[in-house]
Structure formats: C-alpha cells, structure tokens
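The values are calculated or read from the model by the stated rules, or taken from the named source; none is laboratory data. Since the structure is predicted, the reported quantities are computational estimates derived from the model, not experimental observations. Cβ placement follows ideal geometry from the backbone for every residue including glycine, while neighbour counts extend to all protein chains displayed. The area values use the complete protein model at the heavy-atom level, side chains included, leaving out ligands, DNA and RNA. Shrake-Rupley method; radii C 1.70, N 1.55, O 1.52, S 1.80 Å.
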Amino acid sequence: MKTIPIYKFYAAAFNYKTENTERSKQFGIAVQITLSLLLESFSKQGDPGILHREHKHPLVKKFIQNAKEIAYKEYPQPYDKLKPLKTNIIIDKERRISFKCIEDLDAPKIIILNFGREENLYQETSALVGLFNEFQLSNPICSIEQICYWCLGSGNIVRFNFSDIDPFPRKRILEIITSISS
C-alpha cells in the first residue's frame, strides 16, 4: 500500500512549489523534530523534559515555544485535555494518506499543528473535510465541529467551523491522488 503524507496531497492539490535548497531541508527537519516531540509530549500526557531541553535548531526552539504558549493560553491543563491521533485516510486498497492531529477530549474539535502559510489554511481545510467526508479513516476521529490550527511559525490560532467549509468533491480528490500516483 502506498502512503502519501498529507502535505504531499496539499502540494499536488494547490501546486505548492518546494525548493530543494539547504534552507528548505532545514525547515523540513525542524518540522519533523517538532512534530515528533509535541506528539510524544501529548501522548505521554505531560510536558516532558524533552520540551525543556535546549535545541540546537533555532526553528525547533521557536516552534516548541509557540506551541507551549498556545497550549497554555487555550487550556489550563493542556496535557490532560489533548490526545494525539495518527490515522490514515483510506483511498482504496492501494493508496492512503497519512494524517496527524490532536484531539480535544472535552470538545468536538481537532487541532492541527501548522508550520506553513496561514493564508492557505482555508483551502487545505476544504480538501481535508472532503477527505473526511468521502473516505474511511484507519483510526476514527472524534466528532468534529471545529478544526483549529496552531500556527507554530507565528504563534497564531486559526479556527474553522466544520459546517462552514465547502469540501472538495470525491472526483477532485481522486484526480489529485491519481496525479500523485502517476
């Protein structure tokens, strides 16, 4: 089975250009490290020492600091209220899209850690809602009324009500998946 990361799906859907420069590689490394550390901290339901350690990578340090500030602004006890979720959106027997988010255990919403541009979030949410509406998930997600983005580059929060999103239709999603697979 071929697994496509959600960011590759978005890149194909919206013609995002990725540069093969040292700066792009460093950004990708920082994103992967940060995502791994934050999902682990929520999985263990605590702010482990790993998040307090000094990171040599300045972007990792910035992303983690912004995540902690957002988490504590939104939740008095974020590690008690939030749970990481890794799932796959099953397209067919041969293809799936990997997706990671954080579930709010007390509210019908998911939190997506965002590292990119905020102006692209509505269109990415439209694609994501289309994927959720049209395809099965390998691990179920809570009932969703809101999708909340924690923008770790800026420290901002962006929210969308699930019912206000115009989802991508199945046909468009399948066209995108086909273009990635070929």
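Need one number: nm distance between label points at Gln136 and Asp92, each 7 Å from Cα along Cα→Cβ, rounded to one decimal.
Going from the Gln136 label point to the Asp92 one covers 1.6 nm.
Using +1 on the beta carbon of Lys and Arg, -1 on that of Asp and Glu, and nothing else charged, what's the dipole of the chain about the Cα centre, debye to 20?
Numbers: 25 positive and 21 negative charges, 122 e Å.
Here the chain has a charge dipole of around 580 debye.
Among Ile110, Ser154, Tyr7, which residue has its Cα positioned farthest towards the positive end of the charge dipole of the chain, with +1 placed on the Cβ of Lys and Arg, -1 on the Cβ of Asp and Glu, and the dipole taken about the Cα centre?
My answer, from the dipole projection, is Tyr7.
Got a sec? Which residues in the stretch 102-121 would a label at Gln45 touch, if it sits 7 Å along Cα→Cβ and we count backbone N under 13 Å?
Within reach of a label on Gln45: 105-106.
Taking all protein chains in place and a 1.4 Å probe, what share, in percent, of the accessible surface of the stretch 70-182 do carbon and sulfur account for? Show your work: numbers first, answer last.
Values: 2520 of 5570 Å².
Carbon plus sulfur share of accessible area: 45 percent.
Kindly provide the helix-only [θ] at 222 nm of the chain, computed as the sum of -39,500 (n - 2.57) over DSSP H runs of four or more divided by all residues, to the nearest 500 deg cm²/dmol?
Numbers: 7 runs with 82 residues, N = 182.
Rounded to the nearest 500, the figure is -14000 deg cm²/dmol.
At 7 Å along the Cα-to-beta-carbon direction for both Ala107 and Ile33, put a label point, then send me their distance in nm to one decimal.
So the label points at Ala107 and Ile33 sit 3.1 nm apart.
For the stretch 92-135, which GluC sites (Glu not before Pro) pass both filters: DSSP loop (anything but H, G, I, E, B) and at most 12 other C-beta atoms within 10 Å?
Working: sites: Glu94, Glu103, Glu118, Glu119, Glu124, Glu134; in loops: Glu94.
Answer by residue number: Glu94.
Kindly express, to the nearest 10 degrees and within the range 0 to 90, the angle between helix 121-134's C-alpha long axis and the longest C-alpha principal axis of the chain.
60
Would you mind counting up the charge near Lys86? Only other residues with Cβ under 14 Å from its Cβ, with Lys and Arg at +1 and Asp and Glu at -1.
On the way: positive: Lys83, Arg96, Lys100; negative: Glu40, Glu103.
Here the charged neighbours net out to +1.
Between Gln77 and Tyr16, how high is the FRET efficiency from 1/(1 + (r/R0)^6) when r is the Cβ-Cβ distance and R₀ = 41 Å? Nearest 0.05.
Details: r = 36 Å, r/R0 = 0.88.
Efficiency at R0 = 41 Å is approximately 0.70.
Taking the Cα centroid of the stretch 57-130 and of the stretch 10-47, what is the distance between the two, rounded to the nearest whole Å?
Computed from Cα coordinates, the inter-centre distance equals 11 Å.
With the cut-off at 25 Å, report for the chain the share of all Cα pairs above it, as a whole percent.
Details: 5649 of 16471 pairs.
Counting every Cα pair in the chain, those more than 25 Å apart make up 34 percent.
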